[in-house]
Amino acid sequence: MQKRLLILDDDAAFRSTLELEFIDRGYSVLTVESISRARAVLDGGMNFDFAILDLRVKSELSLEFLRELTATNRCCRAVVLTGYPSTATTVQAIKNGAVNYLLKPSSVELIEQALWLNDVNTEFNFEFSDTQSVTLARYEYELIEFVLSQCNGNITHAANRLGLHRQSLQRKIKKGLPQ
């Protein structure tokens, strides 16, 4: 029996590449581009053995959907992918049922290996090379990610908790992780 895989990512090219690679590896793959579409699939009663979820889908975090997915699909093994890692989202992803949290770009081989691991990989560190320094901007970004995850991705609530105007918070999020 083919293993059923859900891929949630708003990047069409990346989603398509993953889909083709996993079909070639013998998986039955369903791809979705939004959290609302992914919820509709779950509400339709579909079950999955595996899931690959982009952490940030458009302006939403997929962490709450991850919790819903693993609650309704108890045997589903989910991996969260992100280009913007933070300690807060790593911890929240693991708490919500992810078996691994990988940085983009990751190879298909690494993603598949992460799906099949028997133990949760909670090793995630922010070690910097000698040429990098931990900046206040980085800590600010991690705090924003943490508060957003606590507010289930709701920008208005997160802005209120951070004492920021909603538009200011949106600009900071859009700007992304400082280099």
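Looking only at residues of the stretch 41-59 that are of a type in the set (D, E, K, R) and under 10 Å from the mean Cα position of the chain (by Cα), we find that the one that is modelled with the highest pLDDT is Asp54.
Could you tell me whether Leu63 is surrounded by 14 or more Cβ atoms within 10 Å (Cβ to Cβ) and over 30 Å from Leu169 (Cα atoms)? No.
Conditions (1) modelled with pLDDT under 90; (2) among the β-branched types (Val, Ile, Thr); (3) closer than 18 Å to Ser16 by Cα; (4) under 14 Å from the mean Cα position of the chain (by Cα), marked per residue:
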{"residue": "Leu69", "(1), (2), (3), (4)": "no, no, no, yes"}
{"residue": "Asn100", "(1), (2), (3), (4)": "no, no, no, yes"}
{"residue": "Gln113", "(1), (2), (3), (4)": "no, no, no, no"}
{"residue": "Thr135", "(1), (2), (3), (4)": "yes, yes, no, no"}
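Summed over the stretch 94-112, the residues that are among the acidic types (Asp, Glu) and part of a strand (DSSP E or B) give a count of 0.
Look at (1) crowded, with 18+ Cβ neighbours inside 10 Å; (2) out of contact with any Ser or Thr (no Cβ under 6 Å at 6 or more places or on another chain); (3) farther than 23 Å from Gln170 by Cβ and you find that Gly45 fails only one, number (1). Among residues of the stretch 155-173 that are in a loop (DSSP other than H, G, I, E, B), those with a Cβ under 8 angstrom from a residue that is not basic (Lys, Arg), sequence gap 6+ or separate chain, pair up as His165/Ala159. Of all residues in the stretch 47-106, those that are within 21 Å of Lys3 (Cα to Cα) and either β-branched (Val, Ile, Thr) or touching a His at 6+ places or on another chain (Cβ under 9 Å) (or both) total 6.
The values are calculated or read from the model by the stated rules, or taken from the named source; none is laboratory data. From a predicted model like this one, the values you see are computed outputs, not experimental measurements. Cβ sites come from the backbone with ideal geometry, for glycine too, and all protein chains shown count toward neighbours.
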